[in-house]
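Any read-out appearing in this document is the output of simple, stated calculations on the displayed coordinates, not a laboratory observation. As the structure is a computational prediction, the values presented were derived from the model and not from experiment. Cβ sites come from the backbone with ideal geometry, for glycine too, and all protein chains shown count toward neighbours.
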Amino acid sequence: MNILVINCGSSSVKYQLIDMDKRMTLAKGNVSRIGMSGAVLTHKPFDRPETKVTGEMLDHIVAIEYVIAILLSKNHGVIKTKSDIHAVGHRVVHGGERFTGSVLIDGNVLREIRQLIDLAPLHNPHNLRGINACKKNLPGVPQVAVFDTAFHHLMPPEAYIYGLPYVMYKKHGIRRYGFHGMSHRFVSERAAEILEKPYDSLKITTCHLGNGASITAINHGVSVDTSMGFTPLEGLLMGTRTGDLDPAVILHIMGREELSLHEANTLMNKHSGLSGISGVSSDMREVIEAGNDGHTNAALAFNIYCYRLKKYIGAYTAAMGGLDCIVFTAGIGENSPQVREQTCKGLAFLGVEIDNKKNNEAIGIESVISKDNADIKVIVIPTNEELVIATDTKKLVENRN
Ligand code: ADP
């Protein structure tokens, strides 16, 4: 079964066509600058070099048209006809309390995802656009929605209710939802396989450190707490987001700087984090490089990043009443020995001890980096959110018949 995995942003589409029988990605790529001048499709078949196509892509429908055309094309294609796409799996950011797992998309599901726009105005509208674009381009092909929030749906109320009047939860759905669920699920399940222990017997903390970053406590196979909250802003320091912040700070700044709601939102989401503190970049590689070259604020940003991560590891060990394994994943988690070393430094009292040689060698590859005799295993696992989406899509489509 070939599954097209789609992840739509405001002006972008990321895609992968996965052959689930052979467990291989036939082609992957992305479209950027949709609706702007100079829209570009970057496409990589598994067996040929990357290619780029530019064109007028006014909306997501046209962008998906380009994607399908290149998947079918003579020189860069990997399938012969549209009917070789057997199902489409979509990443949908917010499933609210309604969606506790992946679902086949029908009219009701679409309506309910639309109703959730209020909770995720920055993400769900684009995900919906992707679904509609695929419906237009691939009529009759089953489509599945896989939600970022679903993995966290069993968090207990003490982890998800904020210290606000309870009526805000009831009236407006203000609570912690958590995100990056597919990644936390994938790497924690893989960690259990590597450790050769039943998934539901382990206490695992997974650190997803990409441009956005979150950490999750998975106790006996269940996400019991996670650092992102009502939106992906809460928790760890990120590339451009504040992470945890006294909410009064933003009210104060809005008053002093006369910021609108929109400007305050942009300040917290786009100009803060590594970028805001260092003044250098949101890219961890550049922050580390500048820090090494003596840039004080870059070094400070790096230290804050790792310190906050360490605090969460401690907190989640307490929340789970123990810890068997820490997983590092996503761009920074998979590729930065410096972040892993600094984060785990001083955690020997818990049983966390990193082997420096193994840590330095683990760049973008799966690897156990803790010392052989350490009580807590530390593992680097490259994430694969697309495979989670494709796996759920296949299961739902097969069970439908
Ligand atoms: P996204 O959340 O957009 O999917 P990624 O998971 O690709 O992002 O992660 C992007 C982050 O990974 C950037 O901060 C980038 O600097 C960081 N990164 C990638 N390679 C390295 C590396 N070798 N060392 C440190 N950070 C890295």
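Details
- Rounded, prolate or oblate (a/c below 1.5 giving rounded, otherwise prolate when a/b exceeds b/c) for the chain by Cα gyration tensor: rounded
- Shape index of region 1-41: Rg/Rh, with Rg the Cα radius of gyration and Rh the Kirkwood radius from the inverse mean 1/r over Cα pairs, equals 1.11.
- By DSSP, the beta bridges lying fully in the chain are antiparallel in about 70 percent of cases.
- Extension gain, residue 307 back to residue 248 (0.36 nm per residue minus Cα-Cα distance, nm): 19.0 nm
- Projecting label points 7 angstrom from Cα along Cα→Cβ for residue 348 and residue 83 puts them 6.6 nm apart.
- DSSP-loop GluC sites (Glu not before Pro) across region 3-103, with at most 15 other Cβ within 10 angstrom: 50, 56, 97
- Computed 3J(HN,Hα) for region 217-224, one whole-Hz value per residue from the Karplus formula 6.51 cos²θ - 1.76 cosθ + 1.60 where θ = phi - 60°, is 9, 10, 9, 6, x, 10, 5, 9, glycine and proline marked x.
- DSSP-defined beta bridges in region 1-158 - what % are antiparallel, rounded to 5: 75
- Given their separation in residues at 0.36 nm each and the Cα-Cα distance between them, residue 262 and residue 296 gain 9.2 nm when the chain is fully extended.
- Under 15 Å, Cβ to Cβ, from residue 10 - net charge with Lys/Arg +1 and Asp/Glu -1: +4
- The modelled label-to-label distance for the pair residue 197/residue 171, using points 7 Å beyond Cα in the direction of Cβ, is 4.6 nm.
- Once the chain from residue 44 to residue 289 is taken as fully extended at 0.36 nm per residue, the excess over their C-alpha distance is 85.2 nm.
- DSSP-defined antiparallel bridges as percent of all bridges, region 248-401, nearest 5: 40
- Per-residue [θ]222 nm for the chain (sum of -39500 (n - 2.57) over DSSP H runs n ≥ 4, rounded to 500): -12000 deg cm²/dmol
- Label point distance in nm, residue 59-residue 395, each placed 7 Å from Cα along Cα→Cβ: 3.4
- Point-charge dipole on Cβ atoms (K/R +1, D/E -1) for region 186-231, about Cα centre, debye to 20: 100
- Protection proxy ranking of 216-226, 292-302, 193-203 - average other beta-carbon atoms within 10 Å, highest first: 216-226, 292-302, 193-203
- Prolate/oblate/rounded call for region 262-401, Cα gyration tensor, a/c under 1.5 rounded: oblate
- Rel. contact order, % - alpha carbon contacts under 8 angstrom, at least six apart, the chain: 13
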